[in-house]
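Below: one structure, written as structure tokens.
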């Protein structure tokens, strides 16, 4: 069993970066150097520690985040390896919610790439400290200085190289630690390093780099700046203090270099994590709210003597071992054999044993203290983004913030009677990964599976077909359009029916007018003199609301309409609330027909991250999709990577296959994110086509 660690002895880091930069190999190399595994795995052999899932082994890519840890002297370093492909970006975002710092991996030849840029933007927006690891320094054409320049130019990063390589390319044999001024060369087994003085032939160069480092470190404190300007030599402790202060504030970014495959620079990286990465902040306050009451603000503190509270950032369901729940304790501590409350779902769960993981291998833990990360198994009701807390001190913590899905399939069972089985499987998958959604859309009459990309969804469907022997048919999802009006109009309707005994009678006069976009629905009761008795007004409004459910063009929901009820008549015997509801519904229909009805289509806010070489193609394509470019975050013309972000508004109907088209257009060198923005009017041939397809769909539905 692991020994116990206090909060200030814990470091939590997440490895991220572009695909194929060697993140999973770095993860293995760190575990090897820390004595947790015996050798570095190989993706071709399916032996990487982080890629323990069958799908990851067969595809030779990471599709899930993986947890590992290293014990370095008196410090426990939790390491989360994350996927690099945009289809699985949700795994990286979730990991960053529980890490105090990121290890951003950059290829020593390719430099900054699309996913590097996106990761950097996210880290900057969320003020997350980061260490840059320049990997693959053993590759031909690898250049430490060129890569640093590339990082500084393309990311606008203020970097502090903490080491320099001993050789480059095939001649790489180790690194020089510029803080301690020692040469570190890995031992042949990769489990340790040989420490020696800096070789004489590069000592002058190393001292030059160190002087630059001293100047950067001095900027961390006023006292250090004064000492440096007065010609004083900063001590090792002062260097660490100055860099740590700036790293914690995400103002300065240490750079390490090496080769994960050859274990070069790995011990230095672990030393830097231990020395510079801030531990979970004791006393930090997290803003939560009461269970079932978002308005009741509650705060929890990261202190071991406080009531337990933790947030679930990952769920993994193994078909044999069951459900693994990964959580970070942000207050108090979690002990085995206790009952806790899932405050998100108001359900109690029993904690049996507590573990940490190295890939898919479990290690017993005595407890999870505040700031630490651990794993519990076989919780019945808890899923990703839930809060677990003390049963007597309920609190709901902020949800893990994850990106919105960008690609969807409409799905249906290939055989009758298999709908429930498919639904159960997809329900478990959405529990495991909240970036995947699965729901029936009542407007479009389709069951829609959505995720971060075509590959992610195709993998899920392939598993259902091959492992579960269930047939799933996919199609392009229909778009949920809306209807509205463009001008003011008046309408009258009298509902009168006599069928023996009490009849039905209700008459209403209304005015309708358009509201601004996103104005919703507004009802104005302008009845005077009791021409419609007060008890029948709710019936009128119910009729109006029912009328808004189906428009007059294609039976899409109606939005952004103001309805004013200003006159009417009633019958002492035959009038009822139902009569006025029917009259209200029919009057609204007549009013809409006279008020210039139009269709509205959903428009998405789209961010495309692209190399400058493809900018022309991207802009032309967006225009061809009826999109409107809002701006471009272009980099300097001299940047070697030339990365840009194009912001645009594009109709959802034009974005259904965009992830596929974008990959083909840019050879996989661009990615995008999108979310709903607003509704815009459509008319002419586009509207005619939508109306025709809608009528055919409704006709087909009625004939089933």
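The values are calculated or read from the model by the stated rules, or taken from the named source; none is laboratory data. Model, not experiment: these values are computed from the prediction. Please note: Cβ atoms are built from the backbone with ideal geometry, for glycine as well, and neighbour counts cover all protein chains shown.
I'm trying to understand the selection: among the residues of region 451-480, which are surrounded by 13 or more Cβ atoms within 10 Å (Cβ to Cβ) and in a strand (DSSP E or B)?
451, 472, 474
Condition check: in contact with a strand residue (DSSP E or B) (Cβ under 8 Å, 6 or more places away or on another chain), surrounded by 15 or more Cβ atoms within 10 Å (Cβ to Cβ) and over 24 Å from residue 279 (Cβ atoms). Does residue 243 satisfy that?
So residue 243 fails the test.
Would you be able to tell me the number of residues in region 503-551 that are loosely packed, with under 13 Cβ neighbours inside 10 Å, part of a loop (DSSP other than H, G, I, E, B) and free of Cβ contacts under 8 Å to residues at least 24 places away in the same chain?
Of the residues in that region, 4 qualify.
Specify the residue that is modelled with the lowest pLDDT; the eligible residues are those in region 640-650 that are assigned to a strand (DSSP E or B) and surrounded by fewer than 20 Cβ atoms within 10 Å (Cβ to Cβ). Explain how you work it out, then say what you get.
Looking only at region 640-650, we keep the residues that are assigned to a strand (DSSP E or B), and these are 643-650.
Subsequent filtering for residues that are surrounded by fewer than 20 Cβ atoms within 10 Å (Cβ to Cβ) retains 645, 647, 649.
Details: 645: 90, 647: 95, 649: 98.
Applying the filter and picking the extreme gives 645.
Hey, could you check region 384-423 for residues that are within 20 Å of the chain's Cα centre (by Cα) and assigned to a strand (DSSP E or B) and say which is surrounded by the fewest Cβ atoms within 10 Å (Cβ to Cβ)?
Going through region 384-423, the residues within 20 Å of the chain's Cα centre (by Cα) turn out to be 384-387, 396-409.
Applying the additional criterion that residues be assigned to a strand (DSSP E or B) yields 387, 396, 407-409.
Numbers: 387: 27, 396: 24, 407: 23, 408: 20, 409: 22.
Going through the qualifying residues, I end up with 408.
Of the numbered conditions (1) under 30 Å from residue 587 (Cβ atoms); (2) modelled with pLDDT of 95 or more; (3) part of a loop (DSSP other than H, G, I, E, B), residue 483 satisfies every one except a single condition; which is it?
Of everything listed in (1) under 30 Å from residue 587 (Cβ atoms); (2) modelled with pLDDT of 95 or more; (3) part of a loop (DSSP other than H, G, I, E, B), residue 483 misses just condition (3).
Return the total of residues in region 264-279 being surrounded by 24 or more Cβ atoms within 10 Å (Cβ to Cβ), in a loop (DSSP other than H, G, I, E, B) and touching a helix residue (DSSP H, G or I) at 6+ places or on another chain (Cβ under 8 Å).
1
Taking only region 431-441 into account, find how many residues are surrounded by 20 or more Cβ atoms within 10 Å (Cβ to Cβ) and either in a helix (DSSP H, G or I) or on the phi > 0 side of the Ramachandran plot (or both).
At the first step, the residues of region 431-441 found to be surrounded by 20 or more Cβ atoms within 10 Å (Cβ to Cβ) are 433, 435.
So of that shortlist, the ones also either in a helix (DSSP H, G or I) or on the phi > 0 side of the Ramachandran plot (or both) come out as none.
So the answer is 0.
Could you say whether any residue in region 628-635 is touching a strand residue (DSSP E or B) at 6+ places or on another chain (Cβ under 7 Å) and under 23 Å from residue 20 (Cβ atoms)?
Filtering region 628-635 down to residues touching a strand residue (DSSP E or B) at 6+ places or on another chain (Cβ under 7 Å) leaves 628-635.
Next, from what is left, pick out any that are under 23 Å from residue 20 (Cβ atoms): 635.
The answer is yes, given that some residue of region 628-635 is touching a strand residue (DSSP E or B) at 6+ places or on another chain (Cβ under 7 Å) and under 23 Å from residue 20 (Cβ atoms).
Is one or more of the residues making up region 608-627 in a strand (DSSP E or B) and assigned by TED's automatic domain parsing to the domain that holds residue 491? Write out each step before concluding.
Narrowing region 608-627 to residues in a strand (DSSP E or B): 608-611.
Those left that are additionally assigned by TED's automatic domain parsing to the domain that holds residue 491: none.
Within region 608-627, none of the residues are in a strand (DSSP E or B) and assigned by TED's automatic domain parsing to the domain that holds residue 491.
For region 294-383, please list each of the strands (runs of 3 or more DSSP E) lying entirely inside it that holds at least 1 residues being out of contact with any strand residue (DSSP E or B) (no Cβ under 8 Å at 6 or more places or on another chain) and within 30 Å of residue 425 (Cα to Cα).
Details: elements: 309-318, 322-331, 338-342, 347-351, 354-358, 361-364, 373-377.
Of the strands (runs of 3 or more DSSP E) lying wholly inside region 294-383, those with at least 1 residues that are out of contact with any strand residue (DSSP E or B) (no Cβ under 8 Å at 6 or more places or on another chain) and within 30 Å of residue 425 (Cα to Cα) span 361-364.
Restricting attention to region 127-138, does a residue exist that is free of Cβ contacts under 8 Å to residues at least 60 places away in the same chain, touching a helix residue (DSSP H, G or I) at 6+ places or on another chain (Cβ under 9 Å) and not assigned by TED's automatic domain parsing to the domain that holds residue 614? Give the steps one after another, and end with the answer.
First, pick out the residues of region 127-138 that are free of Cβ contacts under 8 Å to residues at least 60 places away in the same chain: none.
For region 127-138, residues free of Cβ contacts under 8 Å to residues at least 60 places away in the same chain, touching a helix residue (DSSP H, G or I) at 6+ places or on another chain (Cβ under 9 Å) and not assigned by TED's automatic domain parsing to the domain that holds residue 614: absent.
Is it fair to say residue 444 is under 27 Å from residue 581 (Cα atoms), outside the structural domain of residue 64 (by TED's automatic domain parsing) and surrounded by 13 or more Cβ atoms within 10 Å (Cβ to Cβ)? Steps first, answer last, please.
On the way: under 27 Å from residue 581 (Cα atoms): yes; outside the structural domain of residue 64 (by TED's automatic domain parsing): yes; surrounded by 13 or more Cβ atoms within 10 Å (Cβ to Cβ): yes.
Yes.
Among the residues of region 152-159, is any assigned to a loop (DSSP other than H, G, I, E, B) and in contact with a strand residue (DSSP E or B) (Cβ under 9 Å, 6 or more places away or on another chain)?
Scanning region 152-159, I find at least one residue that is assigned to a loop (DSSP other than H, G, I, E, B) and in contact with a strand residue (DSSP E or B) (Cβ under 9 Å, 6 or more places away or on another chain), so the answer is yes.
May I ask you to say which residue of 605, 564 is in the same structural domain as residue 670 (by TED's automatic domain parsing), touching a strand residue (DSSP E or B) at 6+ places or on another chain (Cβ under 9 Å), surrounded by 15 or more Cβ atoms within 10 Å (Cβ to Cβ) and at pLDDT 95 or above?
On the way: 564 fails: in the same structural domain as residue 670 (by TED's automatic domain parsing).
Checking each option against the conditions leaves just 605.
Can you name the helices (runs of 4 or more DSSP H) wholly within region 9-117 that have at least 3 residues being surrounded by 24 or more Cβ atoms within 10 Å (Cβ to Cβ) and in the same structural domain as residue 146 (by TED's automatic domain parsing)?
In region 9-117, the matching helices (runs of 4 or more DSSP H) lie at 23-33, 89-96.
List, please: which pairs have Cβ atoms under 6 Å, are six or more places apart or on different chains, and start with a residue in region 235-253 that is at positive phi and end with one that is surrounded by 21 or more Cβ atoms within 10 Å (Cβ to Cβ)?
Cβ pairs passing all conditions: 250/129.
Does region 651-704 hold any residues that are part of a loop (DSSP other than H, G, I, E, B) and more than 12 Å from residue 599 (Cβ to Cβ), and which are they?
In the first step, residues of region 651-704 are kept if they are part of a loop (DSSP other than H, G, I, E, B); the result is 655-657, 667-669, 683, 704.
Across region 651-704, the qualifying residues are 655, 656, 657, 667, 668, 669, 704.
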